[in-house]
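Written out below as structure tokens is the structure these notes cover.
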Amino acid sequence: MVVVVIIGLLAAMTLPAYRHITMRSKTTAVINDFRAFSTAFVTYNLQNGHWPADTGPQVIPPEMVGALPEGFVLPTPIGGVYEWDADVSSNGFYTKAAITIESAANNPMSEDLDQLQMIDDQLDDGNLNTGNVRLGSGNTLVLIIEL
């Protein structure tokens, strides 16, 4: 009985650590995706003098085929899908260029605010209401490249 109690206590102590490690891993993956995607879009803008046309979720703009990593069309590490937004205000604020993570019908985005806050802490100013990483309408996560 004592052994079972000790094993139960050890398991209970490891669960928060496991959750934190999992969150850090997903955060790192999203940040790496954001950096790779934004670098491709900024490079396009610098070479062509304009942003690619707005597209739907999981759709690579035709101008970016071959320049944008294929991971753009895959589900994100935190659920949901990536979307390129150009000259839109669908997230509760206007952006000239942004990458959004939003829920899809078969792949909902995580609503874990701790996870989203961890992404903002590492990539921006630590406030999901200001800066370049924001929480958009409908709990979308928005990386603003240009306002």
Which listed residue is surrounded by 12 or more Cβ atoms within 10 Å (Cβ to Cβ) and over 16 Å from Asn132 (Cα atoms), from Arg35, Arg24 = Arg24
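Would you confirm whether or not the stretch 1-18 contains a residue that is in a loop (DSSP other than H, G, I, E, B), aliphatic (A, V, I, L, M), modelled with pLDDT under 95 and farther than 22 Å from Gly126 by Cα?
yes
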The stretch 42-59: number of residues that are more than 14 Å from Asp87 (Cα to Cα) and under 16 Å from the mean Cα position of the chain (by Cα) = 3
Within the stretch 73-84, can one find any residue that is surrounded by 15 or more Cβ atoms within 10 Å (Cβ to Cβ), among the hydroxyl-bearing types (Ser, Thr, Tyr) and under 15 Å from the mean Cα position of the chain (by Cα)?
-> yes
Considering residues that are under 12 Å from the mean Cα position of the chain (by Cα) and farther than 20 Å from Leu74 by Cβ, the number found within the stretch 112-121 is 3
The correct count of residues that are surrounded by 14 or more Cβ atoms within 10 Å (Cβ to Cβ) and either among the hydrophobic types (A, V, I, L, M, F, W, C) or touching a residue at least 40 places away in the same chain (Cβ under 8 Å) (or both) in the stretch 98-109 is 7
Please give the number of the condition Gly49 fails out of (1) surrounded by 13 or more Cβ atoms within 10 Å (Cβ to Cβ); (2) modelled with pLDDT of 95 or more.
-> (1)
Can you tell me which residues in the stretch 87-97 are exposed (fewer than 15 other Cβ atoms within 10 Å of the Cβ) and in contact (Cβ under 8 Å) with a residue 12 or more places away in the chain?
-> Asp87, Gly92, Phe93, Tyr94
Out of all the residues in the stretch 24-42, which are over 9 Å from Gln122 (Cβ atoms) and among the hydroxyl-bearing types (Ser, Thr, Tyr)?
-> Ser25, Ser38, Thr39
Any idea which residue in the stretch 43-97 is nearest to Gln115 (Cα to Cα), counting only those that are among the β-branched types (Val, Ile, Thr) and not in a loop (DSSP other than H, G, I, E, B)?
-> Val81
The stretch 120-134, residues that are β-branched (Val, Ile, Thr) and either touching a helix residue (DSSP H, G or I) at 6+ places or on another chain (Cβ under 7 Å) or buried (at least 18 other Cβ atoms within 10 Å of the Cβ) (or both) | Val133
Residues satisfying the stated conditions in the stretch 110-136, i.e. closer than 23 Å to Phe41 by Cα, touching a residue at least 24 places away in the same chain (Cβ under 8 Å) and outside any strand (DSSP E or B) | Leu116, Ile119, Gln122, Leu123, Gly136
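The values are calculated or read from the model by the stated rules, or taken from the named source; none is laboratory data. For clarity, every value in this text was computed on a predicted model and none was experimentally measured. Cβ sites come from the backbone with ideal geometry, for glycine too, and all protein chains shown count toward neighbours.
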